[in-house]
Amino acid sequence: MPLDSHIPSGPMAMKWSKHKQDSKLINPKNKRKFTILVVGSGLAGSSAAATLSELGYKVKCFCFQDSPRRAHSIAAQGGINAAKNYQNDGDSVHRLFYDTVKGGDFRAREANVHRLAEVSVNIIDQCVAQGVPFAREYGGMLANRSFGGAQVSRTFYARGQTGQQLLLGAYSALNKEIAAGGVQMYPRTEMLDVVTVDGHAKGIITRNLVTGKIEAHAGDAVLLCTGGYGNVFYLSTNAMGCNVTATWRAHKKGAFFANPCYTQIHPTCIPVSGDYQSKLTLMSESLRNDGRVWVPKKKEDIGKPPGQIPEADRDYILERKYPSFGNLAPRDISSRAAKEACDDGRGVGPGGRGVYLDFAEAIQQFGAKTIAERYGNLFDMYERITGESAYKQPMRIYPAVHYTMGGLWVDYNLMSNLPGLHVLGEANFSDHGANRLGASALMQGLADGYFVIPTTIANYLVHQKPGSVTAEHPEFKKALEVCTAQTKGFLACKGKRSVDSFHRELGLLVWDKCGMARDRAGLTEALKRIPELREEFKTNVIVPGSGDACNPELEKAGRVADFMEFAELLCLDALNREESCGGHFRTEHQYPDGEAKRDDENFCYAAAWEYTGDLGKPTLNKEPLSFEEVHLAVRSYK
Amino acid sequence: MSAVFDSFSRFYASSIGKKILVALTGLILIGFVFGHLVGNLLIFAGQDAINEYGHLLQTALHGSGVWIARVGLLLAVLVHIVATVSLTKQNNAARPDKYGQHKAQVSSKSSHTMIWSGLTILAFIIYHLLHYTVRIGNDFDKDAYKIDLHGEKVHNVYKMVVDGFSWAPASIFYLIAMALLCSHLSHGFSSLFQTLGISTDKSEPLFKKAGYAFAGLIFVGNAAIVLSIWLLGYGR
Amino acid sequence: MSQLNLHLKVWRQNAGQPGHFQDIEAPDIPDHASFLEMMDIVNERLIAKGQDPVAFDHDCREGICGMCSMQINGVPHGPEKATTTCQLHMRKFRTGDTIWIEPFRAKAFPVIKDLVVDRSAFDRIQRAGGFITVRTGSPQDANALPIGKEVADAAMDAAACIGCGACVAACKNASAMLFVSAKAGQLNTLPQGKPEKDRRTLGMVRQMDKEGFGNCTNQYECEAACPKEISVRWITKLNRDYAVAIVKEALGNSPKVAGGGD
């Protein structure tokens, strides 16, 4: 099937303006007749629901948490990028665009990225007006910090809780619209399936997580704002509830899943301490502004207290390998450098999977008070988890799965190949290519929700008769039956193994074979093992309790069942992409110095996978990527 | 007028509104308690001093002063009690299922017993009024308790107090009541600044200390009168 | 790393039915595990024995989403200061300890199951005024309105609230004043929030009262239990803002009365 990304014609810098000009308008009276279903209430979901309601659309918004304010966007620490150039350090829309395309290792769609850079400035204005308490200078102007992958200071932040503050801002906008009656909110409600009618997404099936009731909701368009799939690895920095169900079910209804192998490994997480561990905690990347990453030069030093290792015996790996970016090298590069050092037997801490992040020099230079002001809450968090003080000894960090760049394929209007199904934020694939730069996820979620979808959705709706499909349609009945049967199936299985034990095994397998570094042999092995595990899950899982009440085990079972299927596509995509780029590193494809080796000749495309009914044999559709503005080059941060 | 009344009823119906009334009436009662103590301490300045003071209160504004004060104080007490009882009922209703374990980390015992110290003080006030103001169950209205002061026949407050506290049960009840008042004030004094929106991080510790000092002063001052009469035989 | 043997007293309840404490033995708990990981281990064992696992709310497990709750040994989020349950680690307990685990209890937080409670009252309070009415795309440049660092920092102090409900759980009156005051206070402090200040204050306080929370008696247990150390000075400010707003409403010219939310 040919993929039309509907990129507007004209020069790059004019595309979005032109597209806004050309986009359809719906008159205010008619907007009220359209119902839009928004699944997810993170940055993308809340901002989209609020803005669409402001415009006059009727919105229903769903989230599995007990309140829309708890979506996992809330955990983003570091900041949000915007090309404001308040620092007068040479930033511009074009530079942010350039950095993002390059940071994505030339696997993002240029037009989308340019639009993202353009609207980034509006996001900051919007958030400030909502009362988001960004950090300020004494004169009352907004403060900025620098972040990985950029040589300008363009990141806006609210202490170490930027995601929280932006989400609370979007949540407040959502509340305003709920109070005004434009949005109906469904908390503790999980989406189980997308309903398509004549090939268009016209509704969803949900389960009320309190009463267990499975219900159908019809609408004129569906927006999936359901985040990434990082929890396929079991251990990740994602919240426990993050899942792939919404996007995976949409995929099984026909939506293409693009580039699932692009997973981001965040370099600065707290290392794993034992097999009971349920999640990994990220320490904001902003720490790398002042922290220096090192490991002992000599293997015999790894057991020594770090303070006893003299300067000359320390290997500052990032500064040595990437002198111009140093400790601020992009995430994928920093992560791999840490892995290499540990593979080399120079890792520190339990299990040898860790590197030091040292603040001694910064504390000496700026004083402990300044450092506490900058990172106090992060240092506290570290101490709570490890029992160690980062003021006195270096932190130990190790990479962990953090973000997923892949997601449902969308065109320039953020609509998937399934008409009516729009995908926003981390759930789509479009803006970050093979690697996302720090402080860009918040930017994308809000750009999609506040500024892109409110314009582009009309291009679909204008061709639709509002309310033409209701939940009485036979397709809804069919979908309801399928979902009810699946729920009953889990409860009836009565096997021997808990849902978590399967999830843990799947996660370990995927991390091992399809994590920071991948190769053909490992992926082939994983592809053999995943279907076996899935089969065992079907026959040997135990889900206690009943389906018509609050039952967390049942919720997990549905999510893990989807991860089991999704994992196979993830590995297939990784196997197909015979190159290394961004977060996808195939050990077969590297330069002699260990740098990722892209293959622009054969793989300069977005891989959009189509479900065929056979999980092991999806069809590959390719969207070729062309680079008009930023010329394909080896991504170098040396 | 009715718009203002509506606003007032909404104000009273709200949690913060009631609390502000409790704080304001508490402030009035604190002032009263202090004035009352200063007056009472005149007993140590001799018979004439306190009798003169008593007479002054009785005759201020041609005798209406004492009634204005009485009505005002009664109103303050009434509002203070009705509002706190209502708040306490709401508070109990706000947690129908109690905890198996519930640890207080920072709050004082006094703060947890405000309603009980308050209601005991109410019982005491009623007794106190019957004792000295209405003068029931004693001979304080008889001529034996009148005295000549600068040619006028006035109440011999001095003798009333001395005789009153010579009876052990009354003294003991007074002491208990003063201890509870002390406890009540130790939380109530600084608390009212918080409710009225005045406390700051810097002033709060001062209000706290001032509250303890004030509560202590009220207790020590009043107890000194009772103890010196009852145990040391002052004035007898 | 050492192992702990613990005795748990866990509250079990189905919505609308009376609950009870269940004694659960929890041997061999690694002391590096978090409290919720301990609960995971306990649940795995219950499932293996064919019993119903304990339902509890949790999500981010890094102390920011505010989903986890639990009254642990009589204190919301357990004994550590400035810590959510998910950040509490078992090294803070000793082998042989008895641990009481209960839901946050308040009439306004009805139990859904076991330790899971319904905190949607907080959302309704927010809807009654916890926002600045600004349309997407309409604002001026972000730097057009200078806001002093001190003001921005103060607003951030209040904005750090994660809406977990520990303040309600800790208060002997189940009062929500710390939550409401932090939410209203953040916006009432900022110049952007000034135009709607009175309306917001009245609306949120009235909705809070409607939800059946208790009243503040200035004991500051909320502040002591707050995982984000929100100061009770925000309550002082809310009291003040409320008094001003009510006087303006009573005596001013404004014809409109701020109502509660839905």
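The values are calculated or read from the model by the stated rules, or taken from the named source; none is laboratory data. Just so you know, these numbers come straight off a predicted model, no measurement behind them. Cβ atoms come from the backbone with ideal geometry, glycine included; neighbour counts cover every protein chain shown.
Of the listed requirements (1) modelled with pLDDT of 95 or more; (2) more than 28 Å from the chain's Cα centre (by Cα); (3) over 15 Å from A:MET283 (Cα atoms), A:SER416 misses just one: (2).
For every residue, the table says whether it meets (1) surrounded by fewer than 20 Cβ atoms within 10 Å (Cβ to Cβ); (2) modelled with pLDDT of 95 or more; (3) assigned to a loop (DSSP other than H, G, I, E, B); (4) not assigned by TED's automatic domain parsing to the domain that holds C:LYS107.
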| residue | (1), (2), (3), (4) |
| --- | --- |
| C:GLY163 | no, yes, yes, yes |
| C:LYS172 | yes, yes, yes, yes |
| C:ALA182 | no, yes, no, yes |
| C:LEU187 | no, yes, no, yes |
| C:LYS197 | yes, yes, no, yes |
| C:ARG200 | no, yes, no, yes |
| C:GLN207 | no, yes, no, yes |
| C:LYS237 | no, yes, no, yes |
| C:GLY261 | no, no, yes, yes |
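For C:ALA245, the conditions (1) within 18 Å of the chain's Cα centre (by Cα); (2) farther than 22 Å from B:PHE207 by Cα; (3) free of Cβ contacts under 8 Å to residues at least 60 places away in the same chain are fulfilled apart from (1). In the set (1) in contact with a strand residue (DSSP E or B) (Cβ under 9 Å, 6 or more places away or on another chain); (2) free of Cβ contacts under 8 Å to residues at least 24 places away in the same chain; (3) more than 7 Å from chain A (Cβ to nearest Cβ), the condition left unmet by C:SER138 is number (1). Looking at A:ARG115, is it within 17 Å of the chain's Cα centre (by Cα) and surrounded by 23 or more Cβ atoms within 10 Å (Cβ to Cβ)? For A:ARG115, the condition - within 17 Å of the chain's Cα centre (by Cα) and surrounded by 23 or more Cβ atoms within 10 Å (Cβ to Cβ) - is not met. Being assigned to a loop (DSSP other than H, G, I, E, B) and acidic (Asp, Glu) is the filter here, so list the residues in segment A:450-503 that pass it. Within segment A:450-503, A:GLU472 is the sole residue that qualifies.
Please determine, by comparing only the residues of segment A:361-394 that are part of a helix (DSSP H, G or I) and of a type in the set (Ser, Thr, Tyr), which one is farthest from C:LEU36 (Cα to Cα).
Going through the qualifying residues, I end up with A:THR370.
Looking across segment B:9-57, the residues that are of a type in the set (Gly, Ala, Ser) and more than 16 Å from B:GLY118 (Cα to Cα) come down to B:SER9, B:ALA13, B:SER14, B:SER15, B:GLY17, B:GLY31, B:GLY35, B:GLY39, B:ALA45, B:GLY46, B:ALA49, B:GLY54. Considered as a group, the residues in segment B:7-45 that are within 8 Å of chain C (Cβ to nearest Cβ) and loosely packed, with under 15 Cβ neighbours inside 10 Å include one that is nearest to B:VAL71 (Cα to Cα), and that residue is B:PHE8. When B:ALA224 is tested against the conditions (1) out of contact with any helix residue (DSSP H, G or I) (no Cβ under 9 Å at 6 or more places or on another chain); (2) within 19 Å of B:GLY46 (Cα to Cα), the lone failure is (1). Listed by first and then second residue, the pairs with beta-carbon distance under 7 Å, at least 6 apart or on different chains, first residue in segment C:149-175 and facing another protein chain (nearest Cβ under 7 Å) and touching a residue at least 60 places away in the same chain (Cβ under 8 Å), second in a helix (DSSP H, G or I) and crowded, with 24+ Cβ neighbours inside 10 Å, are C:GLY163/A:ARG69; C:GLY163/C:PHE122; C:GLY163/C:PHE179; C:ALA174/C:VAL168.
Among the residues of segment B:128-151, those that are of a type outside the set (Lys, Arg) and surrounded by 15 or more Cβ atoms within 10 Å (Cβ to Cβ) comprise B:HIS128, B:HIS131, B:TYR132, B:ASN138, B:PHE140, B:TYR145, B:ILE147, B:LEU149. Here the helices (runs of 4 or more DSSP H) wholly within segment A:1-57 that include at least 1 residues being closer than 26 Å to A:MET185 by Cα are A:28-31, A:43-55. Scanning segment C:239-248 for residues that are at the interface with another protein chain (Cβ under 7 Å from one of its Cβ atoms) and buried (at least 22 other Cβ atoms within 10 Å of the Cβ) returns C:ASN239, C:TYR242, C:ILE246. Based on this model, can you work out whether C:ILE132 counts as aliphatic (A, V, I, L, M), part of a strand (DSSP E or B) and at the interface with chain A (Cβ under 9 Å from one of its Cβ atoms)? When the stated conditions are applied, C:ILE132 does not pass them. Between A:GLY420, A:GLY387, A:GLY367, the distinction of being farther than 26 Å from A:CYS269 by Cβ, small (Gly, Ala, Ser) and surrounded by fewer than 24 Cβ atoms within 10 Å (Cβ to Cβ) belongs to A:GLY367 only.
Those residues that are surrounded by 14 or more Cβ atoms within 10 Å (Cβ to Cβ), within 11 Å of chain A (Cβ to nearest Cβ) and either out of contact with any Leu (no Cβ under 8 Å at 6 or more places or on another chain) or part of a loop (DSSP other than H, G, I, E, B) (or both), I need them from segment C:14-29; list them, please. Residues satisfying the conditions are C:ASN14, C:ALA15.
Restricting attention to segment A:233-248, report how many residues are among the aliphatic types (A, V, I, L, M), within 15 Å of A:PRO260 (Cβ to Cβ) and either more than 13 Å from the chain's Cα centre (by Cα) or assigned to a helix (DSSP H, G or I) (or both).
The number of residues fulfilling the criteria is 1.
Being within 21 Å of A:VAL452 (Cα to Cα), in contact with a Gly (Cβ under 8 Å, 6 or more places away or on another chain), within 12 Å of chain C (Cβ to nearest Cβ) and of a type in the set (A, V, I, L, M) is not true of A:ALA108. Only one entry in C:GLY148, C:GLY96 is in contact with a Phe, Trp or Tyr (Cβ under 9 Å, 6 or more places away or on another chain), modelled with pLDDT of 95 or more and surrounded by fewer than 17 Cβ atoms within 10 Å (Cβ to Cβ), namely C:GLY148.
Of the helices (runs of 4 or more DSSP H) that lie entirely inside segment B:38-133, those containing 1 or more residues that are in contact with a Phe, Trp or Tyr (Cβ under 7 Å, 6 or more places away or on another chain) and among the aliphatic types (A, V, I, L, M) span B:47-59, B:64-93.
Does any residue of segment C:55-62 turn out to be outside any loop (DSSP other than H, G, I, E, B) and either crowded, with 21+ Cβ neighbours inside 10 Å or within 7 Å of another protein chain (Cβ to nearest Cβ) (or both)?
Checked against the condition, which is being outside any loop (DSSP other than H, G, I, E, B) and either crowded, with 21+ Cβ neighbours inside 10 Å or within 7 Å of another protein chain (Cβ to nearest Cβ) (or both), segment C:55-62 yields no hits at all.
Output the qualifying pairs, or none if there are none: Cβ atoms under 6 angstrom, residues six or more apart or on different chains, first residue in segment B:15-39 and over 25 Å from B:HIS128 (Cα atoms), second residue at pLDDT below 95 and in a helix (DSSP H, G or I). Once the first residue is over 25 Å from B:HIS128 (Cα atoms) and sits in segment B:15-39, its partners that are at pLDDT below 95 and in a helix (DSSP H, G or I) give B:GLY17/B:PHE11.
Scanning segment B:157-179 turns up one or more residues that are modelled with pLDDT of 95 or more and more than 17 Å from B:HIS131 (Cβ to Cβ).
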